[in-house]
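The values are calculated or read from the model by the stated rules, or taken from the named source; none is laboratory data. If you're wondering where the values come from, they're calculated on a predicted model, not measured in any experiment. Virtual Cβ from ideal backbone geometry, glycine too; neighbours counted across all protein chains shown. All accessible areas refer to the heavy atoms of the entire protein, side chains included, with ligands and DNA or RNA removed. Shrake-Rupley method; radii C 1.70, N 1.55, O 1.52, S 1.80 Å.
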Amino acid sequence: MWRNPVAQVLSQTDTLILDGALATELEARGCNLADTLWSAKVLMENPELIYQVHYDYFAAGAHCAITASYQATPQGFAQRGLDEAQSRTLIQQSAALAQRARDDYRAASGTAAPLLVAGSVGPYGAFLANGAEYRGDYALPEAEMKAFHRPRVAALLEAGVDLLACETLPSFAEAQALVSLLAEFPDSSAWFSFTLRDANHISDGTPLNEVAALLNAAPQVVAVGINCVALESVTPALRTLQALCDKPLLVYPNSGEQYDATSKTWHSAPSGCTLHDKFPEWQQAGARLIGGCCRTTPQDIAAIAACCQPQ
């Protein structure tokens, strides 16, 4: 029976708080992610650390954990010598870790609040591990794109995630393929979240009005938005989407810190540029699901969750 878990949560709260970064938080806790598998590598090496990060986000006030499956694909794991069954087990483990963190937090806190686990479905560009998820400069025939995504989608849904997070998508053709793939799993729902070229276009140059038309017409898509973008890009893009979309909007941008690709180091955010600073502005621009992406922390999520507490 198809259900809309996002609508269920939003019937009880104005804003569904998402978690923050997983990979950069794992790095902060000592993991070396200089690897084509990125955070999926930790599924193999130190899964309990992933559990702990998920738990800390729930404890900070998040209503939703996003699984460590962004870069977890049979194709990626095959390059490590893992077969399809081993890959499937690791993808399902990403769901189990988030579910256990949710259940343990619920038991420890006594909360009855609805808490979700979203199965991360990263783009084909993430598998390429060359930054293509910010450019969208790749093309696969639709059947091949669906074949790439199908095993992970099937594994996550079989593991019982509440919905899928089709995230950091730079390519309109890929979004079309994923909408088509969802129809093979009629009980499933997903949010779709894109990287941007500017306030009116996703990374491959497709105008947001085309993106919105595709997703408005897709009943299994339960929220639409942007992630892994600079903080200052968020509000203009949200306003564009607000005028185009009839679904809840979501946003989980980067921390506001600036990344220097040459030195591979981060530099602090300009003042007035944190999730907490921008939170009211994003709510005004229509965002109902709000969290953080790269370099955001449980402290950032606690700060925005506090904004939602009755004063």
Residue that is of a type outside the set (D, E, K, R), open to solvent by 10 Å² or more (accessible area, probe 1.4 Å) and over 24 Å from residue 293 (Cα atoms), where the choices are 139, 129: 139
Selected residue (only one of 88, 102, 150, 80 is of a type in the set (D, E, K, R) and closer than 19 Å to residue 33 by Cα): 80
Failed item in (1) farther than 28 Å from residue 61 by Cβ; (2) more than 19 Å from the chain's Cα centre (by Cα); (3) not β-branched (Val, Ile, Thr), with residue 134 passing the rest: (2)
Single match in 178, 182 (criterion: at pLDDT 95 or above and either over 16 Å from residue 3 (Cα atoms) or touching a helix residue (DSSP H, G or I) at 6+ places or on another chain (Cβ under 7 Å) (or both)): 178
From the options 88, 29, 102, residue that is open to solvent by 40 Å² or more (accessible area, probe 1.4 Å) and either more than 22 Å from residue 300 (Cα to Cα) or within 20 Å of the chain's Cα centre (by Cα) (or both): 88
Close pairs (9 angstrom Cβ cut-off, 6 or more residues apart or separate chains): under 13 Å from residue 80 (Cα atoms) in the range 32-46, at pLDDT 80 or above and open to solvent by 70 Å² or more (accessible area, probe 1.4 Å) anywhere: 36/79; 37/44; 37/79; 37/80; 41/32; 41/80; 44/80
Residue match in the range 232-248 (condition: open to solvent by less than 20 Å² (accessible area, probe 1.4 Å) and within 15 Å of the chain's Cα centre (by Cα)): no
Residue 252 among the aromatic types (Phe, Trp, Tyr) and modelled with pLDDT under 95: no
Selection count, the range 179-191, where residues are surrounded by 17 or more Cβ atoms within 10 Å (Cβ to Cβ) and more than 15 Å from the chain's Cα centre (by Cα): 5
Hey, residue 18 surrounded by 19 or more Cβ atoms within 10 Å (Cβ to Cβ), closer than 21 Å to residue 250 by Cα, modelled with pLDDT of 95 or more and not hydroxyl-bearing (Ser, Thr, Tyr) or not: yes
Tabulated pairs, the range 160-182, first among the hydroxyl-bearing types (Ser, Thr, Tyr), second assigned to a strand (DSSP E or B) and open to solvent by 10 Å² or more (accessible area, probe 1.4 Å), C-beta under 7 angstrom, 6+ apart or interchain: none
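Within the range 139-154, is there a residue that is assigned to a helix (DSSP H, G or I) and either in contact with a Pro (Cβ under 8 Å, 6 or more places away or on another chain) or on the phi > 0 side of the Ramachandran plot (or both)? Give the derivation first.
Keep residues of the range 139-154 that are assigned to a helix (DSSP H, G or I), which gives 142-154.
Filter once more, so that each one left must be either in contact with a Pro (Cβ under 8 Å, 6 or more places away or on another chain) or on the phi > 0 side of the Ramachandran plot (or both): 151-152.
Within the range 139-154 (the criterion being assigned to a helix (DSSP H, G or I) and either in contact with a Pro (Cβ under 8 Å, 6 or more places away or on another chain) or on the phi > 0 side of the Ramachandran plot (or both)), the answer is yes, since at least one residue qualifies.
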Unmet requirement for residue 147, which otherwise passes all of (1) in contact with a strand residue (DSSP E or B) (Cβ under 9 Å, 6 or more places away or on another chain); (2) open to solvent by 40 Å² or more (accessible area, probe 1.4 Å); (3) not acidic (Asp, Glu): (1)
Count of residues meeting criterion [open to solvent by 10 Å² or more (accessible area, probe 1.4 Å) and either assigned to a strand (DSSP E or B) or under 14 Å from residue 87 (Cα atoms) (or both)] in the range 159-170: 2
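Yes/no matrix, rows are residues, columns are (1) touching a helix residue (DSSP H, G or I) at 6+ places or on another chain (Cβ under 8 Å); (2) at pLDDT 95 or above; (3) crowded, with 24+ Cβ neighbours inside 10 Å:
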site	(1), (2), (3)
37	yes, no, no
53	yes, yes, yes
74	yes, no, no
93	yes, yes, no
109	yes, yes, no
120	yes, yes, yes
